[in-house]
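Engineer: My questions will all concern the structure given below.
The values are calculated or read from the model by the stated rules, or taken from the named source; none is laboratory data. Note that the structure is a prediction, hence the values are computed from the model and not measured. Reconstructed Cβ throughout: ideal geometry from the backbone, glycine too, with neighbour counts over all protein chains shown. Keep in mind that these areas ignore ligands, DNA and RNA; they rest on the heavy atoms of the full protein, side chains included. Shrake-Rupley method; radii C 1.70, N 1.55, O 1.52, S 1.80 Å.
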Amino acid sequence: MINHRLVIIGGGSAGMAAAIKAYELGVRDILIIEKNAYLGGILNQCIHNGFGLHEFKEELTGPEFMTRFSKKVDELGISYALESNVLSISDDKVVTYSNAKDGLVEVKAEAIILTTGCYERNAGAIQIPGDRPSGIYTAGQAQLFANCYGYLVGKRVFILGSGDIGLIMARRMTLEGAKVLGVAELMPYSAGLNRNIVQCLKDYNIPLYLSHTVKKVTGESHLEKVTIAKVDEKMQFIEGTEIDFECDCLLLSVGLLPNVDLFNKLPLSLSKTRGAKVNQAMETEIPGIFSAGNVLHVHDLVDYVVEEAREAAVGAISYLNGELKHTGHIYDVNPGIGINYVVPQKVFLDDVKDSLSFKFRVAKPMKDINILITEGNNIIKKIFKPAIVPSEMEIVHLSKDLFKKESNEIKVYVEEKK
Amino acid sequence: MKELICITCPRGCHLSVDDNLNVTGNFCPRGAMYAKAELTHPVRMVTSTVAIASISECRLPVKTKEPVPKELIFPVMDEIRKTVVKVPVKIGDVVIKNVCGSGVDVISTKEIKE
Ligand SMILES: Cc1cc2nc3c(=O)[nH]c(=O)nc-3n(C[C@H](O)[C@H](O)[C@H](O)COP(=O)(O)OP(=O)(O)OC[C@H]3O[C@@H](n4cnc5c(N)ncnc54)[C@H](O)[C@@H]3O)c2cc1C
Ligand code: SF4
């Protein structure tokens, strides 16, 4: 068995950012394990621009953004194993991976950071009624084919779901020569970022059908027709609102789920994000096992992914130095009215250095609201927001001295103006 | 008064622009610049991929170095589609010079060794 102080599973932006931060904090014995033949993760296929505005104060494409990190990893001489698929993690931190050259390899780690990203919900997961023809792909699969291999998966395309990847693929397919007939979204508002609605749909006159979903797909062997219809508040189809689209391709952009498979056999619990429950150090319920990036909760901005990964690296180093005591005053952090989830779910106040951050998403679009953060009955922070949407993660930094140790519950909720 | 959504960054600020091109609702100065440009001469970044001579089933991602006039998006795409590059290529290497006479180069956004 090989030993390493810190093992990072997944070499996407989160994994690389965590490794670099850990190196900067003095740990040299780091191994990144990545199943693909290259570092960078999902950003390899995200060739559009819009990355890095916070991190580098300029707008980069996905490949440019990730190259800055992979170059740094190489420069620092941090080791990584490519084409190496991690098969399991044990609760005493033995990581097992396999690759063609070495076969099965066991690595004993002192600390682990899981940064395995997320995966897309597919046709099976959402149970589309009708035939089962070919021509139905997830938006991410279509993106991989178009941007990495140069194939268009269809010529007349309909898109279900207004998640960012779907919107970005609406533009991509249009630019590369396909006709995109429309995008249907079940909810009365878009699941994607505003800017993507403007520059991916409006720029190309692609209609967005809100409160609509696919009622039926038709096609014997290959997709021939998609029928959408409007839904009411109870998500029931409204008769007579059907619209038919003759198309050879249906792209699904119906949500991303944290890729937590490796956590399934471990004695730790998951949160509402479907990622692991973590404390303020991004540490799971197993001391020394950390998690960050899309595997913890799905992010819209890679800048926040790398920020979170650095928090996890700081946490892992504190753990390795014996500084995470898990004693003293403990808070449970819960989402209140109007909030879908909050990360982290637990805070060990004595382990907090100077400040900590809460990340959350609201349940629906709202205007002119206050975000309240309470400790028991005391409001410790009130933030006015002129506009807030579920598609954008919110982040609030709080200094440690705001916490008074008078209760064991922190709540984040929305106060709507009457 | 015109309402716009700033697309310069993912924040997506809601901007209002009056007849004298005074902008409100922008979180940062880039929003005001965007609104003025959008109402006078809209521009967009174009990203895509080009073929690589020696490697099939592998594309080189590219972008316009600066945003180009919106009406040039499809002409730029036509040029990009005709282009085949040789590797090795580095980030920032010019793939098409002065594309469609726009004064803007199309450049590589990835390093490909061979
Ligand atoms: C299509 C799309 C468009 C986006 N657009 C933008 C944008 O415009 N602007 C922006 O700021 N952000 C955008 N984002 C968000 C942001 O880029 C991502 O959230 C971020 O890159 C995720 O980083 P990650 O490291 O958490 O995950 P990933 O990049 O997915 O990395 C996870 C890595 O783990 C590896 N892995 C998984 N399982 C295993 C295993 N068992 N063993 C070994 N390795 C494993 C994977 O191969 C992968 O390399 C976009 C995301 C997507 C998907
Ligand atoms: S105004 Fe500034 S912060 Fe707001 S969307 Fe535009 S660039 Fe982003």
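Engineer: Taking segment A:68-87 on its own, how many of its residues are in contact (Cβ under 8 Å) with a residue 40 or more places away in the chain and either among the hydroxyl-bearing types (S, T, Y) or within 16 Å of A:V305 (Cβ to Cβ) (or both)?
Structural biologist: Of the residues in that region, 7 qualify.
Engineer: Residue by residue through segment A:113-131, note down the ones that are at pLDDT 85 or above and away from ligand 1 (no atom under 12 Å from the Cβ).
Structural biologist: Answer for segment A:113-131, where residues must be at pLDDT 85 or above and away from ligand 1 (no atom under 12 Å from the Cβ): just A:R121.
Engineer: Would you check if there is a residue in segment B:93-100 being more than 26 Å from A:K71 (Cβ to Cβ), at the interface with chain A (Cβ under 8 Å from one of its Cβ atoms) and in a helix (DSSP H, G or I)?
Structural biologist: No - not one qualifying residue is present in segment B:93-100.
Engineer: Does A:D351 count as open to solvent by 30 Å² or more (accessible area, probe 1.4 Å) and not hydrophobic (A, V, I, L, M, F, W, C)?
Structural biologist: Against the criterion (open to solvent by 30 Å² or more (accessible area, probe 1.4 Å) and not hydrophobic (A, V, I, L, M, F, W, C)), A:D351 does not qualify.
Engineer: Still on this structure, please answer the following. Can you give me the ranges of the strands (runs of 3 or more DSSP E) entirely in segment B:1-74 with at least 3 residues that are open to solvent by 20 Å² or more (accessible area, probe 1.4 Å)?
Structural biologist: B:2-5
Engineer: Quick one: would you say A:Y151 is within 14 Å of chain B (Cβ to nearest Cβ) and away from ligand 2 (no atom under 16 Å from the Cβ)?
Structural biologist: Against the criterion (within 14 Å of chain B (Cβ to nearest Cβ) and away from ligand 2 (no atom under 16 Å from the Cβ)), A:Y151 qualifies.
Engineer: With the checklist (1) of a type in the set (V, I, T); (2) open to solvent by 30 Å² or more (accessible area, probe 1.4 Å); (3) in contact with a helix residue (DSSP H, G or I) (Cβ under 9 Å, 6 or more places away or on another chain) in hand, flag the one item A:I373 doesn't pass.
Structural biologist: Single failed check for A:I373: (2).
Engineer: Considering segment A:168-181 alone, what residues qualify as being over 16 Å from A:L210 (Cβ atoms) and either in a helix (DSSP H, G or I) or open to solvent by less than 20 Å² (accessible area, probe 1.4 Å) (or both)?
Structural biologist: A:I168, A:M169, A:R171, A:R172, A:M173, A:T174, A:L175, A:A178, A:V180
Engineer: When the residues of segment B:1-50 are filtered to those that are under 23 Å from A:Y204 (Cβ atoms) and of a type in the set (D, E), which remaining residue is farthest from ligand 2 (Cβ to nearest atom)?
Structural biologist: B:E3
Engineer: Look through segment B:33-74, keep the residues that are touching a Ser or Thr at 6+ places or on another chain (Cβ under 9 Å) and away from every other protein chain (no Cβ under 12 Å), and return whichever of them is nearest to B:L15 (Cα to Cα).
Structural biologist: Looking at the filtered set, the residue picked out is B:A35.
Engineer: Ok, one more. Since A:K272 meets every condition but one in (1) more than 20 Å from A:R361 (Cβ to Cβ); (2) not in a strand (DSSP E or B), which condition does it not meet?
Structural biologist: Condition (1) is where A:K272 drops out.
Engineer: Scan segment A:1-57 for residues that are touching a His at 6+ places or on another chain (Cβ under 8 Å) and within 13 Å of ligand 1 (Cβ to nearest atom) and jot them down.
Structural biologist: Selection gives A:L31 alone.
Engineer: Mind telling me which of the residues A:K272, A:K277 ends up being touching a residue at least 24 places away in the same chain (Cβ under 8 Å), closer than 23 Å to A:E415 by Cβ and not assigned by TED's automatic domain parsing to the domain that holds A:K381?
Structural biologist: A:K272
Engineer: Please verify whether A:K101 is away from ligand 2 (no atom under 16 Å from the Cβ) and outside the structural domain of A:Q199 (by TED's automatic domain parsing), treating the condition exactly as stated.
Structural biologist: yes
Engineer: How about segment A:182-210: which of its residues are open to solvent by 20 Å² or more (accessible area, probe 1.4 Å), assigned to a loop (DSSP other than H, G, I, E, B) and touching a residue at least 60 places away in the same chain (Cβ under 8 Å)?
Structural biologist: Matches in segment A:182-210: A:Y189, A:S190, A:A191.
Engineer: Please report, ordered by residue number, the strands (runs of 3 or more DSSP E) entirely within segment A:1-119 with at least 3 residues that are over 30 Å from A:D164 (Cα atoms) and open to solvent by 70 Å² or more (accessible area, probe 1.4 Å).
Structural biologist: Passing ranges, in order: A:2-9, A:103-114.
Engineer: Something else about it: May I ask you to say which residue of A:V295, A:V302, A:V314 is farther than 25 Å from A:N370 by Cβ and within 14 Å of chain B (Cβ to nearest Cβ)?
Structural biologist: None of the other options fit; the residue is A:V302.
Engineer: Within segment A:154-201, take every residue that is among the β-branched types (V, I, T) and at the interface with chain B (Cβ under 9 Å from one of its Cβ atoms) and give me the one that is farthest from the chain's Cα centre (by Cα).
Structural biologist: A:V198
Each row is one residue, and each column tells you yes or no for (1) of a type outside the set (D, E); (2) under 14 Å from A:C46 (Cβ atoms); (3) open to solvent by 50 Å² or more (accessible area, probe 1.4 Å).
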position	(1), (2), (3)
A:S134	yes, no, yes
A:G140	yes, yes, no
A:N147	yes, yes, no
A:G161	yes, no, no
A:G166	yes, yes, no
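Engineer: Among the residues of segment A:25-67, write down those that are within 18 Å of A:G10 (Cβ to Cβ), without any contact (Cβ under 8 Å) to a residue 40 or more places away in the chain and more than 9 Å from chain B (Cβ to nearest Cβ).
Structural biologist: A:G40
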